[in-house]
1. Here are some conditions: (1) surrounded by 15 or more Cβ atoms within 10 Å (Cβ to Cβ); (2) of a type outside the set (Asp, Glu); (3) at pLDDT 95 or above. Residue 167 meets all but one. Which one does it not meet?
2. So if I check each of 102, 138, which one is in contact with a Gly (Cβ under 8 Å, 6 or more places away or on another chain) and modelled with pLDDT of 95 or more?
3. Only one residue in 76, 86 is in a loop (DSSP other than H, G, I, E, B) and either at pLDDT 95 or above or among the aromatic types (Phe, Trp, Tyr) (or both), so which one is that?
4. For the structure I just gave you, tell me whether residue 102 is charged (D, E, K, R), closer than 21 Å to residue 133 by Cα and within 20 Å of the chain's Cα centre (by Cα).
5. Residues that are over 17 Å from the mean Cα position of the chain (by Cα), within 20 Å of residue 37 (Cβ to Cβ), in the same structural domain as residue 77 (by TED's automatic domain parsing) and surrounded by fewer than 17 Cβ atoms within 10 Å (Cβ to Cβ): does the range 116-128 have at least one?
6. Would you confirm whether or not the range 74-91 contains a residue that is of a type in the set (Gly, Ala, Ser) and touching a residue at least 40 places away in the same chain (Cβ under 8 Å)?
Amino acid sequence: MERFFLYIDTLNQFIMKKIFLLATLGLFISCSNVQNPDYQANVEITKKWIEVFETQNFDLLTEIVSEDITATAPIYGMGQVGYDTYMNDIGKFYTDNFSNVKFNNPVFLPGVDNETLVPNGGVRIYGEWSGTSNESGKDFSVQAYHWFEFQDGKIVATGDYFDATGMLLAVAPDQD
């Protein structure tokens, strides 16, 4: 009889562990599927942002960027910049000086509010930029991370993280 109760006790422990595991898994899955309703539309705007550089279409950049933008520039020492600097020193610079540009293997992820960690409709992307310098004809390839926040269908905040300075040095004309 004692063996019987030991068997029942072991069976109960086994069942309780499985119930706990299923409950935890269910909670995890239900929490991870929360998505902001604006996310997919903002992914499409982000794809247009990529298109700006792949097609050297600066006019498209003016359509998708808010004049209230705050941007963290990828170039050493620039820090946060506003609309004019972002458009001229970043957007115009890259669209005018590089061709055959591609953003390879993009991974799109939802952005989250930094305090609540709730999806906020923002977009984060990882990938690899490649292309050719118009001045030197040298090719480049650089891993990158970008994040975007949106308001009224336009980019209002962004950050670019890649080795822009190293990329520019790598494609610089050879010194005689």
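1. Answer for residue 167: the failing condition is (3).
2. None of the other options fit; the residue is 102.
3. The unique qualifying residue is 76.
4. Taking the combined requirement at face value, the residue satisfies it.
5. Yes, some residue in the range 116-128 is over 17 Å from the mean Cα position of the chain (by Cα), within 20 Å of residue 37 (Cβ to Cβ), in the same structural domain as residue 77 (by TED's automatic domain parsing) and surrounded by fewer than 17 Cβ atoms within 10 Å (Cβ to Cβ).
6. Restricting attention to the range 74-91, the residues satisfying the condition of being of a type in the set (Gly, Ala, Ser) are 77, 79, 82, 91.
Then keep just the ones that are touching a residue at least 40 places away in the same chain (Cβ under 8 Å); that gives none.
No, the conditions are met nowhere in the range 74-91.
The values are calculated or read from the model by the stated rules, or taken from the named source; none is laboratory data. Quick caveat: nothing in here was measured; it's all calculated off a predicted structure. Quick reminder, even Gly has a Cβ in these numbers, built from the backbone with ideal geometry, and neighbours come from all protein chains shown.
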